[in-house]
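Working notes, structure below.
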Amino acid sequence: MITLTTDFGLTDTYVAQMKGVILTINPNATIIDNTHNVEKFNIRMGAFMLTSISPYFPKGTVHLAVVDPGVGTARRAIVIQTKHSFFVGPDNGILLLAAQNQGIEHIYEIANHEFMLPKVSDTFHGRDVFAPAAAYLDNGVNPHAFGPQINDAVIPRFATVAHKEGWLVGEVLHVDGFGNVITNIQTPEVIEKQYIDVKFCQTFIKPKIAKTYAQTPRHQAIALIGSHGFLEIALNQGNAAKKFHVKTGDKIEVKFV
């Protein structure tokens, strides 16, 4: 099974070309469209979408993700092998968040031209490099056949959380359609505490920690581990991002009290 996550949209033929390449190499492939509506060039958003879907697919699934503003430059093409599945895409951070959550075992650079199209475009590696790699992986090719193992893959800021004087320092990973502020912080400490101190830029709040949005009065702030597995700051039946003037990429600091 191969999933596709891109910022290509569906107006152009780019997604169809990738599927054509995959099916030419592996006619029995099952291809699942995760989304092709990632905001153009938004690696963070693509990484979040990939992280959201990848835990729910069978073991051995190949996740192909292409949000690639650096296509044609010196950035590498990579395959990440985890304990559960494979991730294929550019070495720009889009794969790391999801892969880390599954336990990274090996990372390989895609350098073997045997597993690419005969003619590789400088501007469409999704079709010419990544799609063939995904198809061959799904067909059972060992990932080490694609090229040398590497240990210096790009780790984006949104895939790391720092510790500073008792605070966890992360960032806003995503704001969903309800205005829930989804951070990049994952911690079991949430279930052991009652309140949390939160700093957004110039805003300080102290929301109650709960398991559901409705465990606080309407339009009051709440903190919880959401369905994506990340710490969220939300308003019960309200828009937390709008109220607290928070946007994706903003720094957030939290302390459990």
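Each value in this text was obtained by applying a stated rule to the coordinates, not by laboratory testing. Keep in mind that what you see is a predicted model, and the values were worked out from it rather than measured. A quick note on method: Cβ atoms are made from the backbone with ideal geometry, for glycine too, and the neighbour counts reach across all protein chains shown.
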May I ask what percent, to the nearest 5, of DSSP beta bridges between residues of the chain are antiparallel? 75 percent
HN-Hα couplings for the range 95-100 via Karplus (6.51, -1.76, 1.60; θ = phi - 60°), in whole Hz with x for Gly/Pro, come out as 8, 5, 4, 5, 5, 4
Residue-averaged [θ]222 nm for the chain, counting only DSSP H segments that reach four residues, each worth -39500 (n - 2.57): -4500 deg cm²/dmol
Size of the chain along its principal axes in angstrom, Cα-based, largest extent first? 59, 37, 32
Quick calc, the chain, dipole around Cα centre from Cβ unit charges on Lys, Arg (+) and Asp, Glu (-), nearest 20 debye, gives 860 debye
Quick one: what do you get for the range 123-186 if you divide its Cα Rg by 2.2 N^0.38 Å? 1.71
How charged is the neighbourhood of E171? Take every other residue with its Cβ under 14 Å from the Cβ of E171, and add Lys/Arg as +1 and Asp/Glu as -1. +3
Show me the ranking of peptides 214-226, 60-72, 127-139, 146-158 by mean Cβ neighbours inside 10 Å, starting with the highest. 127-139, 60-72, 214-226, 146-158
Peptide ranges 240-249, 25-34 listed from the most packed, as the mean C-beta count within 10 angstrom indicates: 240-249, 25-34
Candidate lysines - alpha carbon under 23 Å from K119, same-chain residues fewer than 8 apart omitted: K19
In whole Hz, the Karplus estimates of ³J(HN,Hα) for the range 159-173 (6.51, -1.76, 1.60; θ = phi - 60°; x where Gly or Pro) are 9, 10, 10, 9, 10, 9, 6, x, 9, 8, 10, x, 8, 6, 7
Taking 0.36 nm per intervening residue step and subtracting the Cα-Cα distance, what contour gain separates H106 from Q186 on full extension? 26.5 nm
Going from the alpha-carbon gyration tensor of the range 1-78, what semi-axes, largest first and in whole Å, does one get by taking the root of 5 times each eigenvalue? 19, 16, 13
At 7 Å along the Cα-to-beta-carbon direction for both D152 and K208, put a label point, then send me their distance in nm to one decimal. 5.1 nm
Can you pick out the pairs among K59/K211; K199/K247; K199/K242; K164/K251; K208/K247; K199/K251 whose Cα atoms lie more than 19 Å from each other? K59/K211; K208/K247
Amide hydrogen neighbours beyond the local backbone of T187, cut-off 5 Å, H modeled: L231
Segment D12-V169, extension gain: residue separation times 0.36 nm, minus the distance between their alpha carbons: 52.5 nm
Relative contact order for the range 2-146, counting Cα pairs under 8 Å that sit 6 or more residues apart, in percent: 26 percent
Counting pairs of Cα atoms in the range 2-146, how many percent are more than 20 Å apart? 38 percent
Checking the cross-link filter: which aspartates and glutamates have an alpha carbon closer than 17 Å to that of K206, excluding same-chain neighbours under 8 positions apart? E189, E192, D197, E232, E253
